[in-house]
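See structure below.
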Amino acid sequence: MVNWNEIDTVLLDMDGTLLDLHFDNLFWMEHLPRRYAEIKGEEHAAARHRLIEQFRAEYGTLNWYSVDYWSQELGLDVRALKEELRHLIVIRPHVEEFLARLHRGPRRVLLVTNAHRKSLDLKMEETGLDRWFDAIVCSHDFGMAKEHPGFWAAMNAVEPFNPERTLLIDDNSAVLESARTYGIRWLLSLLQPDSTREPRHVEDFPAILHFDAIMPELAHIDA
Ligand SMILES: [Mg+2]
C-alpha cells in the first residue's frame, strides 16, 4: 500500500485522519444547533434543520471550514462553542507512534488542513501534535480549499515537494481526487474517520483502518 523507499514527503490531513472526526460531527450536527437554539430562543428541531441546510450549501468550500464565516453568519462565537466540547478532541489510535517514527526518520512531514486557524490552534493546544511537523499548512492562507485543483500547485510554490515522491493521507475523497489530478502519486484514505460510526467502504483509493498498517520501520532510520 505504501513503499516508504519511494516517499520523501508525507502530507497529513488533521480531522478524520490524525484526529477523531467524532468531535467535528458532534459539534456541527448536535452541539452547535442546540446551543444556537438556546442562545437565540428558537425551537431546537427547526433551528437544527435550517442550520444543517445552511452548512450543506457551503460543503467543500473554505466558508464551510471557516470559524469566522460561521461566527458572522450565525451571530455566535463559534470558537467559544468549540471550547465547550474540547474534551472530545481525541487523537486516533497509533497516530503518535506513527508521527514519532516519521519525525525520527528522513522524510519531511507536513500537516495540511482545511481547518480554520482558530480550529487548528484549539486542536494543537489540546493534543500537542504540532511538535511532530516540519510545517503546518492551512488552506485558508491560499484562499482555496484542498478540494480545489489549484491548491496543490499553490502549496508547492511555498512548501516545495516532488509529487512523484509524496504521500498524502486524507479521509476526504474529493481532496484525494484533486491531489491525484495534480499528480501526487501516493494517496491513502481512512476507513473509520469517526470512531463512533461503522467503518465505511472507500472507492477509488486504498484505505487503512489505523496507522499501524503502514508504520515506517525504525531500523533503517539511523544511518
Ligand atoms: Mg479530514
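Read-outs throughout are calculated quantities, based only on the coordinates presented, and are distinct from any laboratory measurement. Since the model is a prediction, treat every value here as computed from it, not as a measurement. Don't worry about glycine lacking a Cβ; one is built from the backbone with ideal geometry, like all the others, and counts go over all protein chains shown.
The alpha-carbon of Lys40 sits under 23 angstrom from the alpha-carbons of these lysines, leaving out residues fewer than 8 places away in its chain: Lys82.
Could you please tell me the mean projected area of the C-alpha convex hull for the range 23-87, averaged over all directions and given in square nanometres to one decimal?
Values: hull surface 16.1 nm².
Averaging across all directions leaves 4.0 nm² for the Cα convex hull.
Each residue of the range 75-86 is assigned a 3J(HN,Hα), and the resulting list reads x, 9, 8, 5, 4, 5, 5, 5, 3, 4, 10, 4 Hz, derived from the Karplus form 6.51 cos²θ - 1.76 cosθ + 1.60 (θ = phi - 60°), x at Gly and Pro.
Each residue of the range 200-215 was assigned a 3J(HN,Hα) from its phi angle through the Karplus curve 6.51 cos²θ - 1.76 cosθ + 1.60 (θ = phi - 60°); the sequence is 10, 8, 10, 8, 6, 9, x, 9, 10, 7, 9, 6, 5, 5, 9, 4 Hz, with glycine and proline shown as x. Going from the fewest other Cβ atoms within 10 Å to the most, the residues Tyr65, Tyr182 appear in the order Tyr182, Tyr65.
Work the Kirkwood hydrodynamic radius out for the chain: mean of 1/r over every pair of different alpha-carbon atoms, inverted, in Å.
Details: mean 1/r = 0.0547 Å⁻¹.
By the Kirkwood definition, the hydrodynamic radius is 18.3 Å.
Residues whose amide H falls under 5 Å from that of Leu168, counting only those 5 or more places apart or on a different chain, are Leu11, Trp186, Leu187, Leu188, with hydrogens built in the peptide plane.
Relative to the longest principal axis of the C-alpha atoms of the chain, give the angle of the C-alpha long axis of helix 95-104, reported between 0 and 90° and rounded to the nearest 10°. Value to nearest ten degrees: 40. Relative to the longest principal axis of the Cα atoms of the chain, the long axis of helix 173-182 lies at roughly 50 degrees.
Less than 5 angstrom separates the built amide H of Ile208 from those of Ser189, Leu190, Leu191, all sequence-distant by 5 or more or on a different chain. Taking θ as phi - 60° and the Karplus parameters 6.51, -1.76 and 1.60, the scalar couplings of the range 36-50 work out to 4, 4, 4, 5, 8, x, 9, 6, 4, 4, 5, 5, 4, 4, 5 Hz in sequence order, x denoting glycine and proline.
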